[in-house]
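**Q** Dropping a structure here in structure tokens format, bear with me for questions.
The values are calculated or read from the model by the stated rules, or taken from the named source; none is laboratory data. Quick caveat, the model's predicted, so the values are computed rather than measured. All Cβ positions, even for glycine, are placed from backbone atoms using ideal geometry, and neighbour counts span all protein chains on display.
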Amino acid sequence: MDIAGSVVVITGGGGGIGEAMALAFAEAGAAHVAVVDRDVAAARRVASAISGTPYGIDVSDAAQVMGMVDDVIEAQGRIDLLCSNAGFMTGKGLDADLDAWRTTYDVHVLAHVYAARAVLPSMLARGSGHLLSTASAAGLLTSPGDAPYTASKHAAVGLAEWLAITYGQHGIGVSVVCPMGVDTPLLSGWMASDEVNARSVTSAGDLMSPADVAAAVLEGVRSDTFLILPHAQVSTYWQKKAADPQRWIAGVRRSKER
Ligand SMILES: NC(=O)c1ccc[n+]([C@@H]2O[C@H](COP(=O)([O-])OP(=O)(O)OC[C@H]3O[C@@H](n4cnc5c(N)ncnc54)[C@H](O)[C@@H]3O)[C@@H](O)[C@H]2O)c1
């Protein structure tokens with residue numbers, strides 16, 4: 001899709017990858033960027049830098065997401081691109097408390113459902129529009145230190161694929177971005193929490209800057225690419241896993257023990 005002149009919504013836009021995406025879309029000539037974050041001060045800070053509109057909402061609340069989408073459409077006339085990007089890590093295994101399990105699904109999966117349900121009717125009526133979700137390399141592979149994150153990001157990738165298959169012939173583009181380590185507050189907090197977590201990130205390669213991820217996202221949206229992989233090695237790992245899952249799992253297990 002053309003980014004110049006487009007109306008863009010980015011959840012989790014108050015920091016990290018979402019902030020970099022908001023700045024990059026504005027720089028590329030988007031007509032308007034709505035910056036959505038539960039941290040309203042962060043949403044205001046980013047929106048004011050690009051003359052966008054801040055929305056201080058929690059994306060795990062369906063009514064708040066639908067209200068925000070309706071408001072943007074009323075104010076701007078349409079939404080061309082909706083980026084469901086908000087996310088967080090738990091740093092927990094199977095024993096994560098059930099609230100943490102549910103919240104990861106609320107934020108990483110159901111929030112994408114709410115956004116798609118809210119915006120698709122108007123996109124389908126126009127015959128154009130684009131949905132982008134930020135999943136993770138953990139949604140194709142595994143984040144060894146975080147069970148709820150891994151499982152919910154796999155669900156996010158599955159949902160994006162379903163949306164692409166179901167709505168692609170109606171003029172709707174769908175992209176899912178699956179980065180590995182990106183230098184943001186989310187990742188630095190998680191790496192600081194546990195030595196194994198930190199090693200699993202550093203052994204996989206250098207951290208990427210949020211701006212470089214945003215550049216890959218722009219390129220992917222422009223070219224209507226479904227699977228956006230800012231880190232080239234993710235494609236190699238994913239193919240190795242598909243070719244021999246048993247061997248892949250044994251290799252990851254060994255790397256955890258090192
Ligand atoms: N940083 C990485 O290494 C990395 C790698 C792969 C994928 N990701 C994914 O990228 C996305 C952005 O992560 P980031 O690294 O920029 O993190 P970040 O913590 O820097 O930014 C995430 C933003 O989302 C907001 N947010 C979280 N929960 C929310 C909610 N319920 N409602 C509204 N806003 C909410 C936060 O306030 C924050 O501003 C996430 O989905 C994350 O899982 C990150």
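**Q** Which residues, taken from the range 82-98, are out of contact with any strand residue (DSSP E or B) (no Cβ under 9 Å at 6 or more places or on another chain) and among the hydrophobic types (A, V, I, L, M, F, W, C)?
**A** PHE88, MET89, LEU94, ALA96, LEU98
**Q** All but one of (1) within 28 Å of GLY168 (Cβ to Cβ); (2) in contact (Cβ under 8 Å) with a residue 40 or more places away in the chain hold for VAL33; state the number of the condition that does not hold.
**A** Checking VAL33 against (1) within 28 Å of GLY168 (Cβ to Cβ); (2) in contact (Cβ under 8 Å) with a residue 40 or more places away in the chain, the one that fails is (2).
**Q** Quick check: anything in the range 118-132 within 11 Å of the ligand (Cβ to nearest atom), under 20 Å from GLY13 (Cα atoms) and surrounded by 22 or more Cβ atoms within 10 Å (Cβ to Cβ)?
**A** Among the residues of the range 118-132, not one is within 11 Å of the ligand (Cβ to nearest atom), under 20 Å from GLY13 (Cα atoms) and surrounded by 22 or more Cβ atoms within 10 Å (Cβ to Cβ), which makes the answer no.
**Q** What are the pairs, 6+ residues apart or on separate chains, where a residue within the range 207-224 that is on the phi > 0 side of the Ramachandran plot has its Cβ under 7 Å from a residue that is more than 10 Å from the ligand (Cβ to nearest atom) and in a loop (DSSP other than H, G, I, E, B)?
**A** ASP224/MET1
**Q** May I ask you to list the residues in the range 174-193 that are at pLDDT 95 or above, aliphatic (A, V, I, L, M) and near the ligand (Cβ under 9 Å from one of its atoms)?
**A** Those that are at pLDDT 95 or above, aliphatic (A, V, I, L, M) and near the ligand (Cβ under 9 Å from one of its atoms): VAL177, MET180, VAL182.
**Q** Another one. Listed residues GLY171, GLY139, GLY129; which is of a type outside the set (D, E, K, R) and touching an Asp or Glu at 6+ places or on another chain (Cβ under 9 Å)?
**A** Testing whether each residue is of a type outside the set (D, E, K, R) and touching an Asp or Glu at 6+ places or on another chain (Cβ under 9 Å) leaves just GLY129.
**Q** Within the range 211-258, how many residues turn out to be assigned to a helix (DSSP H, G or I), farther than 17 Å from ALA138 by Cα and either within 23 Å of the chain's Cα centre (by Cα) or at pLDDT below 95 (or both)?
**A** 13
**Q** May I ask you to list the residues in the range 137-169 that are within 13 Å of the ligand (Cβ to nearest atom), farther than 19 Å from PRO245 by Cα and of a type in the set (A, V, I, L, M)?
**A** Listed by number, the residues that qualify are ALA156, ALA160.
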